[in-house]
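Student: Structure incoming, see below.
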Amino acid sequence: MDVSLARTTVLLIDPHKEDREYWTQRLNVSSPDYVVLEADTGKAGLLLCRQQRVDCVLVELALPDMSGFEVLVKLVPRARHPEIAVIVLTRLALHPMADLAIKNGAQEYLVKPHISGDDLDWAIQKAMFAVAFKKAEHR
């Protein structure tokens, strides 16, 4: 299958409906190749990851049912050998949390008010490439 024809499935886990709608719209403008799934809780997001192929997960740290870090650790149980690209996309601009997220396997830590849709598009592409490279490295 031609890779250029492949659609990228992005799962956005965020309890804020307005944020989900905004970032979904921004991603659809950035690339028609994105299929964006949405979940408003960590549990719903993890369930979607088990039910469908997901290429990249965008997770807010402040979730109603669990911490975004819990979601991250469940998605990336071995930080140095990720199977799925995970990007923290949060309202929390805290440097120690960013460091912790990266140490636990997130490819990026992005603060919502400080980025554009194009920045997010680039981060998704970069994160997916990094995960694919690590997978190939460990085969």
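Just so you know, all these numbers are worked out from the coordinates, no wet-lab data involved. Since we're looking at a predicted model, the values are computed, not measured. All Cβ positions, even for glycine, are placed from backbone atoms using ideal geometry, and neighbour counts span all protein chains on display.
Student: Which entries of Lys103/Lys126; Lys17/Lys103; Lys17/Lys43; Lys17/Lys112; Lys74/Lys103 show an alpha-carbon separation above 20 angstrom in the structure shown?
Tutor: Lys17/Lys103
Student: Would you tally the net charge around Leu37, using a Cβ to Cβ cut-off of less than 13 Å, leaving Leu37 out, and scoring K and R as +1, D and E as -1? Don't skip to the end; give the middle numbers.
Tutor: Details: positive: Arg7, Arg20, Arg50, Arg53; negative: Asp14, Glu38, Asp40, Asp55.
Here the count lands on 0.
Student: Further question on the same structure: Hey, what number do you get for the chain at 222 nm if only DSSP H runs of n ≥ 4 count, each worth -39500 (n - 2.57), divided across all residues, to the nearest 500?
Tutor: Values: 5 runs with 62 residues, N = 139.
One gets -14000 deg cm²/dmol as the mean residue ellipticity at 222 nm.
Student: Of Pro82, Val29, Gly68, whose Cα points farthest to the positive end of the dipole of the range 1-82 (charges on the beta-carbon: +1 Lys, Arg; -1 Asp, Glu; origin at the Cα centre)?
Tutor: Towards the positive end, the residue furthest out is Pro82.
Student: So which trypsin sites (Lys or Arg not before Pro) in the range 1-105 pass both tests, a DSSP loop state and at most 12 other Cβ atoms within 10 Å of the Cβ?
Tutor: Arg7, Arg53, Arg78, Arg80
Student: Using a ≥ b ≥ c from the Cα gyration tensor of the range 62-139 (square roots of the eigenvalues), is it rounded, prolate or oblate, where a/c under 1.5 gives rounded and otherwise the larger of a/b and b/c decides, a/b for prolate? Don't skip to the answer; put the middle values down first.
Tutor: Details: a/c = 2.12, a/b = 1.27, b/c = 1.67.
Oblate, because a/c is 1.5 or more while a/b does not exceed b/c.
Student: Also, quick follow-up: Which one of Ala6, Trp122, Leu92 is farthest out on the positive end of the charge dipole of the chain, using unit charges on Cβ (Lys, Arg +1; Asp, Glu -1) and the Cα centre as origin?
Tutor: With unit charges placed on the Cβ atoms, the residue in question is Ala6.
Student: Under a point-charge model restricted to the Cβ atoms of Lys and Arg (+1) and Asp and Glu (-1), what is the dipole moment magnitude of the range 19-139 relative to its Cα centre, in debye to the nearest 20? Please list the in-between numbers first.
Tutor: Details: 15 positive and 16 negative charges, 109 e Å.
In total the dipole reaches around 520 debye.
Student: According to the square roots a ≥ b ≥ c of the eigenvalues of the Cα gyration tensor, what is the shape class of the range 1-125, taking rounded for a/c under 1.5, prolate for a/b larger than b/c otherwise, and oblate for the remainder? Can you show the working numbers first?
Tutor: Working: a/c = 1.37, a/b = 1.20, b/c = 1.14.
Rounded is the answer for the range 1-125, as its axis ratio a/c remains below 1.5.
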